[in-house]
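None of the figures in this text is laboratory data; all of them are computed from the coordinates on show. Bear in mind that the values here come from a model prediction, so they are computed numbers and not experimental data. Note that we place each Cβ from the backbone using ideal geometry, even for glycine, and neighbour counts take in every protein chain shown.
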Amino acid sequence: MGSLDGKVAAITGASSGIGEATAELFAAEGAKVALLARRADRLGELSKRIEDAGGDALPIEIDITDHGKVETAMGQITGQFGGLHHLVNNAGVMLLGAVEGWDISEWRRMIDVNLMGLLYCTREALPIIRDSGGGHIVNVSSVAGRTANFGSAVYNMTKWGVTGFSEALRQEALNSNIRVTCVEPGFVDTELQGHNKHPMVTENVEKMREEIGKVLEAEDIARGILYAVAQSDHVNVNEILIRPTGQKR
């Protein structure tokens, strides 16, 4: 028996990186997993791997910045699995650069995904998790939700927002038997860095990678998420900050 037997989990940004790794780990631990992301082909491949391994997966192609689609997705999850216990708000984008002259559409994209998408998913999941007997909401923030740096001002703004929101939500949700954990990864080898195309940004990212040495893998963060979720009901791991050993900030 796995630590999540009988549980239903929804994971956003499940088509790659931390979301993909978390979905596979949760499924291996016995959870039925709803896979939410924009790339239907990647979701189909992940769903097949999970089911071939004996798990149960529901792929849902979705843009979480559309509130109506989030409502529909939550209905699909309850229709398929009968409820929801865990939500992992993992979807996010990281677009770096100086504030002066920055493309405003990139600000809007980060705010829409990192903040509004997380809010929509949380709002719609809360009553379902409560009515399912309680569970857990995990918000994936970042070390950038603790430490600000030149060139990441708006990304910092969104991730500090996620960190602050998580603590306020924890206080609200405890009355519904819902635990809340904020996970703050450092440098993880995922597609996140690839969102940036500006030569100076990509050069700085690669320089940071070289300075750190061995960076984190998506599976490292997935194990941290599982650690929090698999605790006894009376234990709420409020916050997990995970950096590569060689990362200074």
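Under a straight-distance cross-link criterion of Cα-Cα below 20 Å, which lysines are reachable from residue 7, leaving out those fewer than 8 residues away in the same chain?
32, 48
Once whole DSSP H runs in the chain are found, which of them have Cα atoms spread over 30 Å or more along the helix axis and a mean Kyte-Doolittle score of at least -0.5?
none
For the stretch 101-249, how big is the tail of P(r) above 28 Å, as a whole percent of Cα pairs?
The answer is 24 percent, as a whole percent.
Per-residue counts of other Cβ atoms within 10 Å, averaged by peptide: what ranking do you get for 164-172, 7-15, highest first?
The packing order, highest mean first, is 7-15, 164-172.
Here are labelled values, (1) 25, 23, 17; (2) 36, 19, 17; (3) 28, 19, 18, and one is the computed semi-axes √(5λ) of the Cα gyration tensor in Å for what I pasted. Which one?
Only one listed value fits the structure, namely (3).
Expressed as a rounded percentage, what relative contact order does the stretch 8-240 have, with Cα pairs under 8 Å and six or more residues apart?
Across the stretch 8-240, relative contact order equals 20 percent.
What is the set of long-range amide H partners of residue 58 at a cut-off below 5 Å, with H atoms built 1.01 Å from backbone N?
Placed amide hydrogens put 33, 34, 35 under 5 Å from residue 58.
If contacts are Cα pairs under 8 angstrom and at least 6 residues apart, what is the relative contact order of the stretch 1-77 in percent?
Across the stretch 1-77, relative contact order equals 27 percent.
Net charge around residue 29, counting only other residues with Cβ within less than 13 Å of its Cβ (Lys, Arg = +1; Asp, Glu = -1)?
0
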